[in-house]
Structure formats: C-alpha cells, structure tokens
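> Here it is: the structure, laid out below.
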Amino acid sequence: GKGLAVFTSGGDSQGMNAAVRAVVRMAIYLGCKVFFIKEGYQGMVDGGDNIEEANWSSVSSIIHKGGTVIGSARCMDFKERTGRLSAACNLVKRGITNLVVIGGDGSLTGANLFRQEWSSLLDELLTTSRINKTEREKYAHLNIVGMVGSIDNDFCGTDMTIGTDSALHRIMDAIDAIVSTAYSHQRTFIMEVMGRHCGYLALVTALASEADFVFIPEWPPQQDWATKMCKKLLQERTAGQRLNIIIVSEGAIDRNGQPITAEMVKQVVVDNLKQDTRITVLGHVQRGGAPSAFDRVLGCRMGAEAVMALMEATPETEACVVSLDGNQAVRLPLMECVEKTKAVAKAMADKQWELAVQLRGRS
Ligand code: ADP
C-alpha cells in the first residue's frame, strides 16, 4: 500500500484529533500504510520514534479530546533547507510519499515549499548517499493535502476552520457566566477574546450574547468611538439594563492601526460613566476543552476527503486544501487560499478595511 503520514502543526485547536482519526482510518480502509508524525515538523526533521506507524485502534478514544494527541510544535529547523533535507530522508526511509498536514497558513506554506523542493532534496540525498537510486526513483513524487485547524477562522477559502465552533461555545459559556454576576452588581464587563487578526470570534459571540459594543480588527471604529460607545452604554442603562457587555478582539485596532486594548476601553468607561467595570481575558480557555459536535464531524469529513484527494493525486495535481463550502467538503488549490489569506493581512496593514472584508469572503 501507499505510505501516508499525518501530522498537526502550528497552534492546536479542538477537532484536530477527529481529523487525525478520520485520516488514519480512511487511509487504512483504502489499504495504505499509515504513520503519525509527532510534534509537527520537528518530528519529521528528527525522525526516530517521532514517526510511528498507526493502526485502527491507535486512534480509538481520541475524538472527544481537545488539542492534538500527536503533539504540535513550531519548528525553526524546517524553515532551513538542511532541516527539510533530514525530513525528506526520514520520509523516504519509511516509504512515505503522501502527507496530510493539519495546521494554519504557515504550516501549509511550509508543506507546499517542501513539495516543490522534493525533487531537488532527493537529488541531494542521493549525491550524498543518504538514499539509494531505487529509493530516488520509487519515491520521486510527494503529494500533500492540507486542512486548516485554528480557532480563529482566519483562513480564506473555507467557511469554518477546525476548532472555531468549539471556541465559540467556550466563549459563550464564559459570557453567560459573566452576565449572571454582572447583573447582580450592575457591572460592565469587557471580554477580550482571541482571533489574532481575525474578528470572527468577537463578532459572532457579540451577536449571540447581545453585547453592547464590539471591537474587531477588520472594522476599526471612527476616532470618536469613545463618545459613541459611552452613549450606547448609557442608553442601555437608561432603558433598564443592569449591566453592559463589551467584546474586544485581541487584534482590535483603531483607524491608525494602533491597538485598542481592553484596558483602554475600561479607562474610557470608568472616566466617563463611573461604572463598576471589570476586564475578563479568556485566553487559552478558548482553545481548550472538548470539541463540539460540529468540530468533530468537520474533522471527520475533512480527514476522509483529504485521504481521497491524496489517493487521486497525480504528479501533476496541484496541492490542495480541504475546505468547507456551504455544507460540503471541497478541495481548493492550497497556494491560492494561502495567497488570499496573506492578501487579507496586507489589506489590513494598508488600512484597506473594505478590501480585507471582501477578500475574507463568506467566513
Ligand atoms: P500556523 O501553521 O498556525 O500558521 P506557524 O506560522 O508558526 O503556524 O507555522 C508552523 C510551522 O510551519 C513553523 O514553525 C515552521 O516549522 C513551518 N513553516 C511556516 N512557514 C514556513 C515556511 N515559509 N517555510 C518552511 N516552513 C514553514
């Protein structure tokens, strides 16, 4: 059977285990020899026990667990050609020419580069006698398929990334808890949520919790935001509300690109309205805990589709990323999605907010 390996890279997210499980089982079902690569690219570079053959039961009882049981890491070595040379050697020695990478845009970019370099890496391994001629010929092509695991939902091309839905659940639970205590003491709470440069988590949880104000990086407020916000908070209190909730995305900025922090927002509320104001920074709680049903099923579907894509790949096939389009798992050209994701970041850096929102697409 074909040699296939799966690994998780970059930041972890809930649902990655469901994806790993689906990849392993689908690939075994289709007759592949399947491997885990532990600790992301670091495990691929280091080889040894980090690359372990998987069987049907080695992915039992992991679907309900958060994070990734095979570990994830950021890896400097893989950014250097010498690191990628070791990685290629480790894969060839085990007959692995199909890779499923579950990670963010950085991990996917690395995988694509690796695929483009594969031929030259193998040539170098042959000239330095680390592999032989038979191996050079037998493992001449590397196929890769990506899946995006991230709570941020910051990747262009997919409606949802694996982990986002679970993070939304976690944030909603926290806001509901805060609301009950805020009510008792008539307090104002400022909740800082994750998302890096993507305001998706903040925006969706603000809508779902009937928050009074939200700050997201894609839509920086006008310079007079402090006045507008205070007016809105006061209006709610006058109408009989006993509390106010403000959601601040960790990447929130103003129109000059300067950060808007929870601390700044608090100062505005305290100075102008003298409300009893508290900050809650949710932090890594958002990335932990059990995956939601949605993320488990998303991981399953994407994992299965990724293996199908690899089995159908030819040396000419472009590397793809498995995405969710509507309610359908689809394959999209990997680098096009990565480029578009980078274009969003650039548009935001250039203060072209409307372009950024437009490029981001449906998600
Ligand atoms: P994410 O995948 O979540 O975006 P990173 O950007 O940190 O996270 O990437 C994860 C890992 O992927 C890096 O530590 C590195 O090993 C690898 N990687 C990222 N970008 C590249 C690149 N341009 N070339 C080679 N490897 C890369």
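The values are calculated or read from the model by the stated rules, or taken from the named source; none is laboratory data. Please read these numbers as outputs of a predicted model, since none were measured by experiment. All Cβ positions, even for glycine, are placed from backbone atoms using ideal geometry, and neighbour counts span all protein chains on display.
Each row is one residue, and each column tells you yes or no for (1) outside any helix (DSSP H, G or I); (2) under 16 Å from PHE36 (Cβ atoms); (3) out of contact with any strand residue (DSSP E or B) (no Cβ under 6 Å at 6 or more places or on another chain).
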| position | (1), (2), (3) |
| --- | --- |
| SER57 | no, yes, yes |
| SER61 | yes, yes, yes |
| LYS65 | yes, yes, yes |
| ALA73 | yes, yes, yes |
| ALA87 | no, yes, yes |
| ILE102 | yes, yes, no |
| GLY149 | yes, yes, no |
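> Just to be sure, is THR317 outside any loop (DSSP other than H, G, I, E, B) and either touching a Leu at 6+ places or on another chain (Cβ under 7 Å) or of a type in the set (S, T, N, Q) (or both)?
Here the answer is no, as THR317 does not meet what is asked.
> Next question, about the same structure. Check VAL344, VAL307 and return the single one that is touching a helix residue (DSSP H, G or I) at 6+ places or on another chain (Cβ under 7 Å) and within 26 Å of TYR139 (Cα to Cα). Talk me through it step by step, then tell me what you get.
On the way: VAL344 fails: within 26 Å of TYR139 (Cα to Cα).
None of the others qualify; the one that does is VAL307.
> Right, next: From the list ALA19, ALA5, pick out the single residue that is modelled with pLDDT of 95 or more, within 19 Å of the chain's Cα centre (by Cα) and within 27 Å of GLY288 (Cβ to Cβ). Please lay out each step first, then the result.
On the way: ALA5 fails: within 19 Å of the chain's Cα centre (by Cα).
Unique residue meeting the criteria: ALA19.
> Then there is this: Which one of these does ARG130 not meet: (1) charged (D, E, K, R); (2) in contact (Cβ under 8 Å) with a residue 40 or more places away in the chain; (3) near the ligand (Cβ under 10 Å from one of its atoms); (4) touching an Asp or Glu at 6+ places or on another chain (Cβ under 9 Å)?
Evaluating ARG130 over (1) charged (D, E, K, R); (2) in contact (Cβ under 8 Å) with a residue 40 or more places away in the chain; (3) near the ligand (Cβ under 10 Å from one of its atoms); (4) touching an Asp or Glu at 6+ places or on another chain (Cβ under 9 Å) leaves (3) as the failure.
> Which of the following residues is part of a helix (DSSP H, G or I) and closer than 30 Å to ASN98 by Cβ: LYS342, LYS346? Give the steps one after another, and end with the answer.
Values: LYS346 fails: closer than 30 Å to ASN98 by Cβ.
After applying the criteria, what remains is LYS342.
> For the stretch 92-101, enumerate the residues that are away from the ligand (no atom under 15 Å from the Cβ) and within 25 Å of SER129 (Cβ to Cβ).
Step one: list which residues in the stretch 92-101 are away from the ligand (no atom under 15 Å from the Cβ), which gives 92-98.
Scanning the stretch 92-101 gives VAL92, LYS93, ARG94, GLY95, ILE96, THR97.
> I would also like to ask the following. Report yes if GLN14 is within 11 Å of the ligand (Cβ to nearest atom) and buried (at least 19 other Cβ atoms within 10 Å of the Cβ), otherwise no.
Details: within 11 Å of the ligand (Cβ to nearest atom): no; buried (at least 19 other Cβ atoms within 10 Å of the Cβ): yes.
Judged against the criteria, GLN14 is not a match.
> Considering only residues of the stretch 18-47 that are small (Gly, Ala, Ser) and away from the ligand (no atom under 12 Å from the Cβ), which is surrounded by the fewest Cβ atoms within 10 Å (Cβ to Cβ)? Steps first, please.
Filtering the stretch 18-47 for residues small (Gly, Ala, Ser) gives 18-19, 22, 27, 31, 40, 43, 47.
If we keep only those that are away from the ligand (no atom under 12 Å from the Cβ) too, we end up with 18-19, 22, 27, 31, 47.
Details: ALA18: 25, ALA19: 32, ALA22: 27, ALA27: 29, GLY31: 9, GLY47: 16.
The residue in question is GLY31.
> Please determine, by comparing only the residues of the stretch 315-335 that are in contact with a strand residue (DSSP E or B) (Cβ under 9 Å, 6 or more places away or on another chain) and charged (D, E, K, R), which one is farthest from SER107 (Cα to Cα).
ASP325
> Report, ordered by the first and then the second residue, all pairs with beta carbons closer than 9 Å, sequence separation of six or more or different chains, a first member in the stretch 2-22 that is part of a helix (DSSP H, G or I), and a second member that is more than 15 Å from the ligand (Cβ to nearest atom) and hydroxyl-bearing (Ser, Thr, Tyr).
Close Cβ pairs (under 9 Å, with a partner that is more than 15 Å from the ligand (Cβ to nearest atom) and hydroxyl-bearing (Ser, Thr, Tyr)) amount to ARG21/SER60.
> Suppose the filter is assigned to a loop (DSSP other than H, G, I, E, B), out of contact with any Phe, Trp or Tyr (no Cβ under 7 Å at 6 or more places or on another chain) and among the acidic types (Asp, Glu); does ASP49 pass it? Walk me through it before giving the result.
Working: assigned to a loop (DSSP other than H, G, I, E, B): no; out of contact with any Phe, Trp or Tyr (no Cβ under 7 Å at 6 or more places or on another chain): yes; among the acidic types (Asp, Glu): yes.
Against the criterion (assigned to a loop (DSSP other than H, G, I, E, B), out of contact with any Phe, Trp or Tyr (no Cβ under 7 Å at 6 or more places or on another chain) and among the acidic types (Asp, Glu)), ASP49 does not qualify.
> Take the residues in the stretch 57-91 that are within 23 Å of MET335 (Cβ to Cβ) and of a type in the set (A, V, I, L, M, F, W, C), then tell me which one is farthest from the ligand (Cβ to nearest atom).
Here the residue is LEU91.
> Next question, about the same structure. Count, please, the residues in the stretch 124-139 that happen to be under 23 Å from VAL101 (Cβ atoms) and in a helix (DSSP H, G or I). Please lay out each step first, then the result.
Quick first cut of the stretch 124-139, residues under 23 Å from VAL101 (Cβ atoms) only: 124-125, 131, 135, 138-139.
Restricting the remaining residues to those that are in a helix (DSSP H, G or I) gives 124-125, 135, 138.
Total meeting the criteria: 4.
> If the Cβ limit is 7 Å and pairs must be 6+ apart or interchain, which residue in the stretch 102-113 that is touching a residue at least 12 places away in the same chain (Cβ under 8 Å) and within 6 Å of the ligand (Cβ to nearest atom) pairs with which residue that is of a type in the set (A, V, I, L, M) and assigned to a helix (DSSP H, G or I)?
Short answer, once both residue conditions are applied: ASP105/VAL338; THR109/VAL338.
> List every residue pair whose Cβ atoms sit under 6 Å apart, with the two residues 6 or more apart in sequence or on different chains, where the first one lies in the stretch 215-228 and is over 11 Å from TRP353 (Cβ atoms) and the second, anywhere, is in a loop (DSSP other than H, G, I, E, B).
Taking only residues 6 or more apart or on different chains, the pairs are PHE215/ALA252; PHE215/ILE260.
> Pairs, please: C-beta under 7 Å, at least 6 apart or cross-chain, first residue within 19 Å of ALA19 (Cβ to Cβ) and at pLDDT 95 or above and in the stretch 323-340, second of a type in the set (S, T, N, Q) and in a strand (DSSP E or B)?
VAL330/SER323; LEU332/SER323
> Residues that are under 22 Å from the mean Cα position of the chain (by Cα), over 21 Å from PHE7 (Cα atoms), in a helix (DSSP H, G or I) and of a type outside the set (Asp, Glu): does the stretch 264-283 have at least one?
To start, the set of residues in the stretch 264-283 that are under 22 Å from the mean Cα position of the chain (by Cα) comprises 281-283.
Next cut, over 21 Å from PHE7 (Cα atoms) only: 281-283.
Okay, now just the ones that are also in a helix (DSSP H, G or I), so 283.
Pick out the ones that are also of a type outside the set (Asp, Glu) and you get 283.
Yes, there is a match, as at least one residue in the stretch 264-283 is under 22 Å from the mean Cα position of the chain (by Cα), over 21 Å from PHE7 (Cα atoms), in a helix (DSSP H, G or I) and of a type outside the set (Asp, Glu).
> Taking the stretch 347-363, which residues are more than 17 Å from the chain's Cα centre (by Cα) and either modelled with pLDDT of 95 or more or not basic (Lys, Arg) (or both)?
Going residue by residue through the stretch 347-363, those that are more than 17 Å from the chain's Cα centre (by Cα) are 347-359.
If the condition is that a residue be more than 17 Å from the chain's Cα centre (by Cα) and either modelled with pLDDT of 95 or more or not basic (Lys, Arg) (or both), then ALA347, MET348, ALA349, ASP350, GLN352, TRP353, GLU354, LEU355, ALA356, VAL357, GLN358, LEU359 are the ones that fit.
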